Each structure stands twice: as C-alpha cells, then as structure tokens.
Amino acid sequence: MILRRKSQTSYKLSTPVQYLKGVGPKLSEKLKGLGIVTIEDLLHYYPRAWEDRRQLHSISELQPELVMTFKGTIRSVYFQETKTKIGIVSAVIEDGTGGLLCKWIRKLSYRYDVFYSFKKDLKPGNSILVNGKIIKDFAGCTMMVSEYEVLTQPEENLIHIGRIVPLYPATEGITSKSLRTIVYRALLCVQVTDPTPKIIQGAYYLMPLDSAFKKIHFPKNFEDKEEARKRLAFQEFFYFQTVMSLVKQKRKVSKSSSYIIKKHLLTPFKEKCGFEFTLSQKKVIREIFNDLLSDRPMNRLLQGDVGSGKTIVALSAILLACENKLQAALMAPTEILAEQHYITIKHFLKSLPVNLGLLTSSTKKSKREKLLKECAEGSLDLVIGTHALLEKEVQFKKCGLVVIDEQHRFGVKHRLLLSKKNPIPDVLVMTATPIPRTLAQCLYGDLDVSLINELPPGRQKIETLWKKEQEAYEIVKAHIRKNNQAYIVYPLVDESDKIELKSAIKEFQKLENETFKGIPLGLLHGQMKGSQKESVMKDFYSGKFSILVTTTIIEVGIDVPNATVMVIENAERFGLSTLHQLRGRVGRGENASACIVIANPQSEESKKRIEIFLKNQNGFQLAEADLAIRGPGEIFGTSQHGYPNFKIADFSLDQDLLEPTQKAAREILEQDPALLKKDHSVLREELRKIFSKTWIWATIA
C-alpha cells in the first residue's frame with residue numbers, strides 16, 4: 001500500500017482524534033472508551049492480529065466452510081427486514097466463472113438505518129472485493145460476508161481486502177473495519193515527531209518512526225510488520241529504561257546513618273548456624289556490607305534460587321544494623337509470610353541479644369501498643385510485618401535497614417514511600433523465586449542486583465514425578481517406613497461451592513482416618529492463629545508428626561531436613577514459581593527426596609507447565625519458561641504495581657532488546673543527566689506524558 005497525502009491539511013500527533021475526517025464528536029467519545037484521545041493514541045492502538053487477504057479466488061474455486069476472498073461485479077441487490085428485527089442484505093455477484101449469492105446480516109435499530117452504507121456501496125455494476133465464509137445448503141452455496149470493499153480507487157490503496165489486513169480490538173459502536181479506516185486516514189495526514197534522540201536512532205539503526213507506524217498498521221508483508229514491531233518495542237523499552245535509570249540516579253543522596261563491622265552479633269550468629277556459608281553467599285554479603293558502609297543509601301535486589309540461603313544473607317545485613325544501634329524492619333506481602341519469617345528468624349536468633357517483634361493486623365491491641373511503643377523508643381531491634389509497617393502510626397527511633405520480601409510481587413510503591421522517609425533507610429529487596437536476569441534488570445532497573453548462584457553443599461537432587469493419587473500415597477508410606485517425613489499440599493484450606501478442588505481440612509480427616517490410619521498427621525493452614533501455626537511447625541520439626549497436611553503456607557520459611565517427600569494435589573492450579581517453591585521444602589537433608597504432583601490439566605498451557613516442572617529443577621530456567629507461557633504481567637502483577645502497560649513490547653519475544661535499550665538509556669543520561677538539553681526536550685516531555693500517573697514520575701519529577 002502506498003500512503004499518499006490527499007490534501008495540504010496536516011496534523012500533529014497531539015491533535016485530538018475528533019478532527020480527523022469521518023470522526024467528529026460522537027465517534028471520538030466512543031474512541032475515548034478505548035483510550036484513544038489524540039492521533040498519537042490512535043497510532044499506538046496496535047492491531048491484535050493481521051489477516052492475509054492477498055490471495056484472490058474465482059467463484060468457481062470457492063469451497064464450503066472456508067473463509068475466502070474473491071473479486072466480482074454486483075448484478076442485483078435485495079434488502080429484507082424480518083419480524084425478529086433482523087436486517088438481511090442479499091447481493092448476487094458475478095466474476096466470469098460464475099455467480100454467488102452473498103449475504104450480510106445486521107440487527108435492526110430504531111436509531112439509524114442499518115442499510116445506509118450498503119445502499120450507498122452496493123449498486124449494480126460496481127466492482128467489489130468480498131471476504132467471508134462459504135456456506136452450503138440445499139439451495140447451493142452462499143457467502144456470509146465479513147468484510148467488503150468497493151473498487152473505487154487503485155487496488156494498491158485497498159485497506160480492507162486484497163492485502164494483509166490489520167484486525168483491531170473493537171468495542172460496541174466501533175468495528176475493526178471503522179478503526180482501520182480511521183487509522184489509514186490518520187497516517188495520510190499526520191506529521192510524526194520522534195522523541196527518541198537522533199544519536200540513538202542512528203547508533204541502533206532504528207527505522208523512522210513514521211515508517212514504523214505505517215508498517216505496523218498496513219504492512220506489505222509479514223517481515224515488514226515484524227521489523228516495525230521490533231522498532232516500536234525498542235522505543236517502549238528505551239523509555240522505560242530511561243526513567244528507571246533516572247530513579248536510580250535520583251536516589252544517589254547522602255545518608256545519615258553509618259556502619260562499622262563489630263561482629264559481636266555476626267560472629268555468634270555464624271557459629272550458631274552450624275554450617276559454612278557458600279562462596280556465593282559470602283560474595284553477596286560483601287556486596288551488601290559495602291553498600292551499608294558507603295555514604296549513600298543501599299537499594300539492592302537479592303536474587304537466588306529456592307534453598308540458596310537468601311534468609312541467612314538478609315539476616316547478616318539485619319545484624320550489622322543491630323550492631324550499630326540501628327533498627328531494622330522486614331516486610332512481607334502477606335500476614336502468613338510475615339508470620340513464617342518471624343518463626344524462622346526467631347529460631348535463628350535464639351540466644352542472641354536481639355529484641356524482635358511481629359506486627360500485623362492480627363496482633364492483639366495490647367501487644368500492638370507495646371510493640372509500637374518499643375519501636376518508637378528504639379528498644380525493638382527488628383520488627384517483622386507486612387507493608388503496613390510503612391503506615392504513619394509505626395514510628396521508628398532510627399530505622400537503618402528495611403528488607404522487603406516481595407515474593408515475586410513488585411512493591412514499587414512501597415519503595416517510593418521508603419525513599420521519602422527521613423532519614424532514608426538502606427533497602428534490600430528479596431525475591432522468593434528467581435527472575436530472568438534481563439527481566440530483573442528492566443523491572444528492577446532502579447536497584448543494584450546481587451545473585452546467589454549456588455546451593456549449599458549436600459543438597460539432594462529431588463526426583464519429580466507425576467502420579468495417580470494411590471501411587472503417590474504408596475510412595476509416601478515407603479518414606480515414612482524409613483522414618484522420614486512428608487508434606488501433602490492442597491490448593492484450598494476448606495471446601496468451596498464454586499471450585500471443585502480438594503481442601504486441606506476435609507482431606508486431613510480422610511487421610512487420618514483411612515489412608516494413613518495409625519500414622520501421626522498434623523494440619524497447617526493460613527486460617528489458624530499464629531500461636532497454633534508456630535506450635536504445629538515446631539511439632540513437625542521435632543518429629544511428632546510424620547505427615548504435615550497443609551496449603552501453600554509452607555511455600556517459604558519451612559526447613560525440616562527429615563522431610564523427604566512432598567505430594568502436591570491439584571498441581572495444575574499452581575504456577576511454576578509456586579510449584580518450584582513448594583518442591584524446595586524437601587531435599588534439605590542427606591536422604592534422597594521426591595516431589596510428586598497429582599494433576600488433571602484441562603488446558604494445553606497447564607499440561608505444558610506440569611511437564612516443564614517435571615523436567616527442570618533450575619529456578620532461573622523455570623522462570624524463563626513461566627515468562628514465555630504467561631508473560632510478566634500475570635506472573636509479577638506489574639500493571640497493578642505502578643508499571644505502565646507495554647502496548648507492543650513483549651518480554652518473552654523481545655528479551656534481546658532489554659540490554660541494548662538499557663545501554664541506550666545510559667548513553668543519553670551520561671551526556672545529559674536531567675534531560676535538560678534542547679535535543680532531549682521532546683524525550684523528556686514524552687516520558688512525562690507516559691509516566692506522569694505512575695510512582696516512577698513521582699520519584700523523579
């Protein structure tokens with residue numbers, strides 16, 4: 001398709017879309033519902049798919065049940081209204097090899113004439129291109145038309161048929177065809193200004209932005225479309241990497257707290273652990289300590305596979321803060337995880353002079369008031385809770401370090417709140433399961449990254465099996481006979497009327513009275529009181545129970561070396577990261593361990609997820625696979641946590657663009673740290689426009 005300007009009228013990208021020919025106030029209101037206000041919004045409203053309508057057939061070649069396209073001449077047209085308020089347009093179209101009855105069906109409306117455009121277009125003698133499905137019945141073949149185009153212009157300028165056709169997400173009152181027409185008209189008259197600096201366009205051989213818009217909407221071939229998609233994805237990632245680099249740059253301020261390594265807590269802690277830290281743990285601890293000892297606030301991401309010892313590393317940082325008379329806070333995304341951390345850390349710090357407390361919405365009023373008082377006075381060294389610790393009523397005398405366990409959820413808004421506190425604390429962010437390196441660099445671009453890339457010595461490879469329930473339980477019994485322990489994990493705490501899944505409470509009774517009769521069982525789930533949970537976990541650790549029936553509450557924080565087998569019921573209901581976390585609860589001792597999934601996948605995606613889990617025990621490789629299957633939005637909830645929705649960039653398809661766009665962002669900011677140069681004014685305005693409603697802009701504005 002050749003796009004030629006039809007008139008001298010030209011518009012800017014910022015021009016309201018209502019001024020385009022054929023739009024007007026009424027249609028522009030409907031477009032507003034799709035997020036389209038300006039011509040720029042329209043051009044960034046990308047097709048959801050592209051349909052190849054280049055191949056034309058003769059009427060004699062048309063086959064029933066296929067969607068096909070042909071060119072012909074209209075011989076007759078007939079309009080009909082049924083008693084059921086349906087409008088039918090029938091036209092006989094011929095092409096020299098035969099004739100075909102073509103039909104359009106529309107719902108009648110009292111507000112407008114549904115036949116209006118058909119009466120204007122479908123006139124005997126007109127040449128027409130028609131696309132639709134061929135239906136055969138006793139009367140012969142009929143085409144149910146999906147789209148048509150009357151040939152009143154050169155065929156090279158066709159936009160609906162006879163080419164690769166863009167299909168747009170439509171809404172009530174706006175069809176994909178009408179959107180196609182509007183986009184085509186916009187491309188004829190818009191003057192495109194590219195906010196990406198010319199030096200970046202040249203260095204990375206970027207297609208001109210106006211060409212990218214034309215090729216993404218109306219490509220000559222699929223290679224053109226993909227080239228344009230990559231160009232536009234580069235731009236989205238470049239914008240994001242630039243603002244994240246600005247955030248990181250903004251945080252380079254001096255801090256008021258200072259640290260000295262005294263070791264009166266660190267040395268006894270290390271001795272009490274009873275094992276040698278891995279080389280990777282030592283390296284990461286050095287990186288964190290160097291940050292703490294520096295004169296600038298730490299903003300660091302701690303990554304590692306399940307069981308790599310992230311908690312030990314975070315505790316080392318917390319104890320360094322406590323050695324320097326600074327308070328520390330550990331925030332988890334849920335109360336259950338906060339309680340898990342409290343129990344685990346309490347065990348590690350037993351006999352050390354560290355005063356720690358758990359503060360959640362379930363904390364009793366008297367206990368809460370006591371903890372708040374101790375926190376404000378500075379006598380509480382470590383407080384563990386949810387993000388409610390950031391609320392105004394929680395006052396610290398001198399909080400030096402905040403550890404955020406984000407459990408593969410991005411707490412970016414909370415990091416913003418921390419950056420506004422006075423004094424600004426050091427921040428360590430932990431992820432429970434690995435994130436692909438390039439993705440971490442992008443989504444956590446405001447943080448430095450530390451990676452624990454080895455497991456402690458002696459960790460056993462976990463045999464992962466997909467079995468039927470009876471087979472799985474026989475394997476559990478075999479492990480119990482060897483005096484080992486087992487987990488049986490269910491997706492629900494209690495029965496649900498809405499979902500047919502097994503629940504921990506109901507199945508516990510059945511397992512205790514029937515399947516594992518005579519074997520001591522324990523029950524653990526999130527609806528129990530904190531003291532009950534702690535008691536059950538202690539009893540399981542000490543060997544009082546051979547089997548723990550539970551939910552995903554054990555996803556983190558449980559370390560029972562004698563537990564050698566896990567059964568996960570309804571495993572198809574869990575994501576790869578959760579499955580991997582659960583599997584990490586076994587294989588922590590010297591005995592061979594197994595993880596058995598019982599699954600009934602109802603889709604190819606869930607089946608594929610189970611198969612990947614069975615074959616792979618590397619958390620980073622599983623994270624890559626999960627990213628490819630589900631994308632970052634579903635896995636990490638990025639859109640709910642202050643990140644923009646990428647309109648065309650795709651983390652699973654465009655990982656090759658993450659490093660070059662990060663490099664491009666650095667190059668620009670090295671020249672112009674605040675984007676104040678004239679050459680960068682358009683870029684700065686574009687970033688403000690895109691990110692103004694997010695936490696990111698609030699940080700750098």
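Bear in mind that the values in this text are calculations on the coordinates, not laboratory data. Owing to the predicted nature of the structure, the values given are computational and were not obtained by experimental measurement. Neighbour counts run over all protein chains shown; Cβ positions are idealised from the backbone, glycine included.
Projecting the Cα atoms of 67, 619, 25 onto the charge dipole of the chain (Cβ charges, centred on the Cα centre) puts 25 farthest toward the positive pole. Please check which bits of segment 203-239 a label hung off residue 54 would reach, taking the label as a point 7 Å along Cα-to-C-beta and the cut-off as backbone N under 13 Å. So the set is 219-226. Round to the nearest 10 and give me the degree value, 0 to 90, for the angle of helix 681-691's Cα axis relative to the longest principal axis of the chain. With both axes taken from Cα atoms, the answer is about 70 degrees.
Packing order of peptides 72-83, 189-200, highest average first: 189-200, 72-83 (average count of other Cβ atoms within 10 Å over each peptide's residues).
Using the Cα centre of segment 55-162 as the reference point, and only Cβ charges (+1 on K/R, -1 on D/E), how large is the resulting charge dipole? Debye, rounded to the nearest 20. Working shown, then result.
Numbers: 13 positive and 12 negative charges, 130 e Å.
Value, rounded to 20: 620 debye.
As a proxy for reagent exposure, ranking 135, 216 by other Cβ atoms within 10 Å from fewest up yields 135, 216. Here the gap between residue 12 and residue 108, fully extended at 0.36 nm per residue and compared with their Cα-Cα distance, gives a gain of 30.7 nm.
For segment 1-160, the orientation-averaged shadow of the C-alpha convex hull comes to 11.9 nm² (one quarter of the hull surface). Sort 160, 525 so the one with the fewest other Cβ atoms within 10 Å of its own Cβ comes first. Arranged by neighbour count, lowest to highest, 160, 525 become 160, 525. With 23 Å as the limit, the listed pairs 220/663; 71/215; 517/607; 373/398; 230/250 have 220/663; 71/215; 517/607; 230/250 beyond it between alpha carbons.
Computed 3J(HN,Hα) for segment 583-592, one whole-Hz value per residue from the Karplus formula 6.51 cos²θ - 1.76 cosθ + 1.60 where θ = phi - 60°, is 4, x, 6, 10, x, 9, x, 8, 8, 4, glycine and proline marked x.
Across the chain, C-alpha contacts under 8 Å between residues 6 or more apart give a mean separation that, scaled by the residue count, equals a relative contact order of 12 percent. Which GluC sites (Glu not before Pro) does segment 238-311 hold that lie in a coil by DSSP with at most 15 other beta carbons within 10 Å? Passing both the DSSP loop test and the Cβ count: 276. Amide H to amide H, with H built 1.01 Å from N, residue 429 comes under 5 Å of 300, 301, 302, 404, counting only residues 5 or more places away or on other chains. Using a simple spin-label model with pseudo-atoms 7 Å out from Cα toward Cβ, residue 647 and residue 482 lie 5.8 nm apart.
In this structure, the residue pairs whose Cα-Cα separation is over 27 Å, taken from 350/370; 502/533; 263/533; 350/533, are 263/533. Whole-Hz Karplus values for segment 271-287 come out as 5, 5, 4, x, 8, 7, 5, 6, 4, 5, 4, 4, 4, 5, 4, 4, 4 Hz, taken residue by residue from phi with 6.51 cos²θ - 1.76 cosθ + 1.60 and θ = phi - 60°; glycine and proline positions read x.
Of all trypsin sites (Lys or Arg not before Pro) in segment 106-183, which ones are in loop regions per DSSP and have a Cβ with at most 15 other Cβ atoms within 10 Å? Numbers along the way, then the final one.
Values: sites: 106, 107, 111, 119, 120, 133, 136, 163, 177, 180; in loops: 111, 163.
Those that pass, being in a loop and sparsely packed, are 111.
In the chain, with Lys and Arg counted as +1 and Asp and Glu as -1 at Cβ, which of these residues, 511, 309, 490, has the Cα nearest the positive end of the dipole, that is, farthest along it? The residue sitting most towards the positive pole is 309. Per-residue Cβ neighbour counts within 10 Å put 52, 426 in the sequence 52, 426, beginning with the fewest.
Taking amide H as placed 1.01 Å from N in the peptide plane, residue 34 has no amide H partner under 5 Å among residues 5 or more places away or on another chain.
Within segment 176-260, which chymotrypsin sites (Phe, Trp or Tyr not before Pro) sit in a loop by DSSP and count at most 11 neighbouring Cβ atoms inside 10 Å? Don't jump to the answer; show the numbers that get you there.
Values: sites: 184, 204, 205, 213, 222, 234, 237, 238, 239, 240, 259; in loops: 204, 205, 259.
Sites meeting the loop and neighbour criteria: 205.
Of all aspartates and glutamates in the structure, the ones whose alpha carbon falls short of 19 Å from that of residue 365, not counting any fewer than 8 places away in one chain, are 335, 339, 374, 377, 391, 393. Converting phi to 3J(HN,Hα) with the Karplus coefficients 6.51, -1.76 and 1.60 and the offset θ = phi - 60°, segment 253-261 yields 10, 6, 10, 8, 7, 9, 10, 9, 7 Hz in sequence order, with x at every glycine or proline.
Calculate how many DSSP beta bridges within the chain are antiparallel, expressed in % of all such bridges and rounded to the nearest 5. Show your work: numbers first, answer last.
Details: 40 of 96 bridges.
So the antiparallel bridges in the chain amount to around 40 percent.
Based on Cβ point charges of +1 for Lys and Arg and -1 for Asp and Glu, what charge dipole magnitude is obtained for the chain about its Cα centre, in debye rounded to the nearest 20?
Working: 103 positive and 80 negative charges, 337 e Å.
Dipole of the chain, to the nearest 20 debye: 1620 debye.
Remark on segment 281-405: hydrodynamic radius 14.9 angstrom, per the Kirkwood mean of 1/r across alpha carbon pairs.
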